[in-house]
1. Before we move on, is B:VAL85 more than 7 Å from chain A (Cβ to nearest Cβ) and either aliphatic (A, V, I, L, M) or loosely packed, with under 13 Cβ neighbours inside 10 Å (or both)?
2. Would you confirm whether or not region A:159-177 contains a residue that is among the small types (Gly, Ala, Ser) and more than 14 Å from chain B (Cβ to nearest Cβ)?
3. Conditions first: (1) of a type in the set (Phe, Trp, Tyr); (2) in contact with a Pro (Cβ under 9 Å, 6 or more places away or on another chain); (3) modelled with pLDDT of 90 or more. B:TRP39 passes all but one, so which condition is the exception?
4. In region A:107-127, how many residues are closer than 16 Å to A:THR150 by Cα and either of a type in the set (A, V, I, L, M, F, W, C) or buried (at least 21 other Cβ atoms within 10 Å of the Cβ) (or both)?
5. Take A:ALA230 and tell me if it is crowded, with 21+ Cβ neighbours inside 10 Å and either more than 18 Å from the chain's Cα centre (by Cα) or assigned to a helix (DSSP H, G or I) (or both).
6. Filter region A:71-100 down to the residues that are in contact with a strand residue (DSSP E or B) (Cβ under 8 Å, 6 or more places away or on another chain) and within 14 Å of A:TYR138 (Cβ to Cβ) and list them by number.
7. Here are some conditions: (1) assigned to a loop (DSSP other than H, G, I, E, B); (2) within 14 Å of chain B (Cβ to nearest Cβ); (3) at pLDDT below 95. A:PRO61 meets all but one. Which one does it not meet?
8. Among (1) surrounded by fewer than 19 Cβ atoms within 10 Å (Cβ to Cβ); (2) facing chain B (nearest Cβ under 9 Å); (3) in contact with a strand residue (DSSP E or B) (Cβ under 9 Å, 6 or more places away or on another chain), where does A:THR279 come up short?
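The values are calculated or read from the model by the stated rules, or taken from the named source; none is laboratory data. These numbers were taken from a predicted model, which means no experiment stands behind them. Backbone-built Cβ (ideal geometry, glycine too); neighbour counts: all protein chains shown.
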Amino acid sequence: METNFTHHQSAHCENGVASNLLKHNGLNISEPMVFGIGSGLFFVYIPFLKVNYAPAISYRPMPGLIFNKLAKRLGLKIKRQKFSSETNAIKALDENLKNNIPSGLQVGVYNLTYFPDEYRFHFNAHNLVVYGKTETDYLISDPVMENVTTLTHAELNKVRFAKGAFAPRGQMYYPIQIPVNIDLKGAIIKGIKNTCRDMLAPMPIIGVRGIRYVAKLIKKWPVKEGIKKANHYLAQIVRMQEEIGTGGGGFRFIYAAFLQEASVILDNKELQVLSLEMTAIGDMWRDFAVEASRVYKNRSTKVDVYNTLSDELLAIADKEEVFFKKLRLAIK
Amino acid sequence: MKTEEVPQDKGNLSNKNMKELVYATDEKGNYTTALSTGWEPKTIALSNSIEEISERIAIAKLQVENNEVSPICYYMELCRMDIGVLSSYVGMWQWRVKRHFKPKVFAGLSESVLKKYAETFNITIAELKQIKTS
């Protein structure tokens, strides 16, 4: 069985699945719109949660939150199910496919056989859509892939029941109701307000203050943890920022694209100006990644380079603080 | 980032003929999407992590050969797991998994416990007991 699902590649998995599922259900909404309304831009530093033996830094909110916020703000109804039994999880998915409902799944990355080996880590917050089934395979639309792909029945089962942090427990979701008239403008404003609140939160490890906190830690790492660990931590920051779908620089560009779209919908010229500014901030994040990668590639032992990197990150934090204050004012 | 600045470096993805989608601005400053084959800083960050893991696997292997830890520790590293991930896969407390790292404790494990580990690592019980030392 196969549903008439159209695959569109996206930059980030959760946005992509949401956008693709909604498009399939007749609501034409772009990836940046999903990201902006769902308040996908975020920053949090969680020192006690270790990912690959380095402290976790996330540039995105909890898995599932973007789509949930988007749904709430647009008045959509999403059905979400988790399963304790694997048999029931398979049954529910097959039932959906029989009824022509492509379904979003939260899965673990480690057993996704179509990914290059280097990408396979125990990271459980990946999202994809299953849109059909054959005797041996499930038909998969993974939004970060250019084309659709497949997984065998056993493989899909494995990724649905991956274990560890954010274990998906067979999680499946799909929209069940989309209102005819949606309040896009209201939703955009709510999404922006939420992002400004998150990024300017008066908490030391969240948002702009979180970025600043990490920047200050970078200065201390080579002394406190030794060069080897400091380099490993630095690589982790870049990997989280650029590689494993939690996005730092790339997310800034998606957000800038969102502001550009929002500027037209809200007829607000200021947002267009801010979109350009966000693009510049995204470029700064990329410069930071370039510099950081140089440091740990050359295994530079000078403490000085860490100070330079730290200052670069502090400059980004300053820019973002000013930016989100302006953004908050722009939609008042 | 402008579309012409979208990096087309050789990356881990290009080896598999895969490209990723990025958002960038066109000549008029409007946002559009473009495909990228990879970006060097990302490739470096990734290979750094892979190297880190390979080092840990090598250390674990040596420790197993010197009878300092049980093969469970080696296979855990080989499967890119940490104790938290492994303990949730086998459904045992972390302190129990850590205890099984001791060669003496490992030697006395029951078949059913060994089976849990073997299934998690996708190997046979025989392979679990004896790691390849080639």
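1. Judged against the criteria, B:VAL85 is not a match.
2. Looking through region A:159-177, at least one residue is among the small types (Gly, Ala, Ser) and more than 14 Å from chain B (Cβ to nearest Cβ).
3. (3)
4. Selection size over region A:107-127: 8.
5. Yes; evaluated as a whole, the condition is true for this residue.
6. A:ALA89, A:ALA92, A:LEU93, A:ASP94, A:ASN96, A:LEU97
7. Among (1) assigned to a loop (DSSP other than H, G, I, E, B); (2) within 14 Å of chain B (Cβ to nearest Cβ); (3) at pLDDT below 95, the lone unmet condition for A:PRO61 is (2).
8. (1)
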